[in-house]
């Protein structure tokens with residue numbers, strides 16, 4: 001990380017690391033459906049595990065940093081909001097599936113969860 005990122009607030013560092021982690025997670029969980037669909041499941045599993053290693057190399061420090069100021073519930077809801085933020089562009093641009101209005105409704109529900117989990121100290 002650059003010095004500016006190292007000096008960033010805990011919540012920002014956590015969000016940035018969780019976002020990067022979620023990019024790897026999304027590819028580990030779903031990219032094999034496009035790229036390895038014709039291969040045995042265990043090949044896809046091994047490839048996914050390889051990608052997931054990088055997810056965990058970012059997710060574990062993100063949660064350790066975030067836990068300095070955030071509760072476990074706040075970390076979880078933050079991660080879920082980030083997951084949807086990463087997932088929608090992945091579905092549209094990588095998997096070439098149509099953008100659906102249901103993504104907006106799901107996002108609004110998660111924003112509600114973010115509000116409720118962060119509204120009190």
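The values are calculated or read from the model by the stated rules, or taken from the named source; none is laboratory data. Because the structure is a prediction, the values reported are computed rather than measured. Note that each Cβ is placed from the backbone with ideal geometry, even for glycine, and that neighbours are counted across all protein chains shown.
Against the list (1) under 17 Å from residue 11 (Cα atoms); (2) under 17 Å from the mean Cα position of the chain (by Cα); (3) in contact (Cβ under 8 Å) with a residue 12 or more places away in the chain, the condition residue 117 fails is (2). Here segment 66-84 is the region considered, the condition is being over 12 Å from the mean Cα position of the chain (by Cα) and surrounded by fewer than 19 Cβ atoms within 10 Å (Cβ to Cβ), and the residue that is farthest from residue 10 (Cα to Cα) is 73. Only residues that are assigned to a helix (DSSP H, G or I) and under 16 Å from residue 118 (Cβ atoms) were counted across segment 49-70, and they come to 1.
Residue-by-condition table, conditions (1) farther than 28 Å from residue 6 by Cβ; (2) crowded, with 16+ Cβ neighbours inside 10 Å; (3) modelled with pLDDT under 95:
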| site | (1), (2), (3) |
| --- | --- |
| 31 | yes, yes, no |
| 45 | yes, no, no |
| 88 | yes, yes, yes |
| 99 | yes, no, yes |
